[in-house]
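The values are calculated or read from the model by the stated rules, or taken from the named source; none is laboratory data. Only a predicted model underlies this, so the values are computations on that prediction, with no experimental measurement involved. So basically every Cβ, Gly included, is an ideal-geometry build from the backbone, and we count neighbours across all protein chains shown. Only protein heavy atoms, including side chains, enter the accessible area calculation; ligands, DNA and RNA are left aside. Shrake-Rupley method; radii C 1.70, N 1.55, O 1.52, S 1.80 Å.
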Amino acid sequence: MSLIAKVAKQLAEANSKLPKAYKYDLALREFDNKVELIGLVDDPTYNIEDFRGREMLFPKKWVTLDVLETKTEVNV
């Protein structure tokens, strides 16, 4: 796991209101100079009941969990 992924996971776990994800990452938004905390979650556009009993994985999707200022400080 990269350092950025570890920091992203730490930020997500610090805010209990955010949904749980399989993976976390950070992405810089250049148009407004903010940082997105993104997470790999079960795709909310699908119904999990449609996949029960099937031999296929439930689709996952990267979604924005939070938007942070670029000056946010994190202890590593």
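May I ask you to list the residues in the range 36-76 that are hydrophobic (A, V, I, L, M, F, W, C), assigned to a loop (DSSP other than H, G, I, E, B) and out of contact with any strand residue (DSSP E or B) (no Cβ under 7 Å at 6 or more places or on another chain)? Spell out the reasoning first.
Looking only at the range 36-76, we keep the residues that are hydrophobic (A, V, I, L, M, F, W, C), and these are 37-38, 40-41, 48, 51, 56-58, 62-63, 65, 67-68, 74, 76.
With assigned to a loop (DSSP other than H, G, I, E, B) added as a condition, the list becomes 56-58, 74, 76.
Those that are hydrophobic (A, V, I, L, M, F, W, C), assigned to a loop (DSSP other than H, G, I, E, B) and out of contact with any strand residue (DSSP E or B) (no Cβ under 7 Å at 6 or more places or on another chain): 56, 57, 74, 76.
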Checklist entry - Going by the structure shown, is residue 71 without any contact (Cβ under 8 Å) to a residue 60 or more places away in the chain and open to solvent by less than 100 Å² (accessible area, probe 1.4 Å)? => result no
For the range 55-68 the number of residues that are open to solvent by 100 Å² or more (accessible area, probe 1.4 Å) and within 24 Å of residue 3 (Cα to Cα) is 1
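A quick yes/no check of all residues on (1) within 13 Å of the chain's Cα centre (by Cα); (2) closer than 18 Å to residue 11 by Cβ:
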{"residue": "32", "(1), (2)": "no, no"}
{"residue": "41", "(1), (2)": "yes, yes"}
{"residue": "46", "(1), (2)": "no, no"}
{"residue": "53", "(1), (2)": "no, no"}
{"residue": "60", "(1), (2)": "yes, no"}
{"residue": "65", "(1), (2)": "yes, yes"}
{"residue": "73", "(1), (2)": "no, yes"}
So, first residue over 11 Å from residue 70 (Cα atoms) and open to solvent by less than 50 Å² (accessible area, probe 1.4 Å) in the range 27-54, second residue β-branched (Val, Ile, Thr) and not in a loop (DSSP other than H, G, I, E, B), Cβ within less than 8 Å, six or more apart or across chains; the pairs are 37/64; 37/67; 38/63; 38/64; 39/63; 41/63
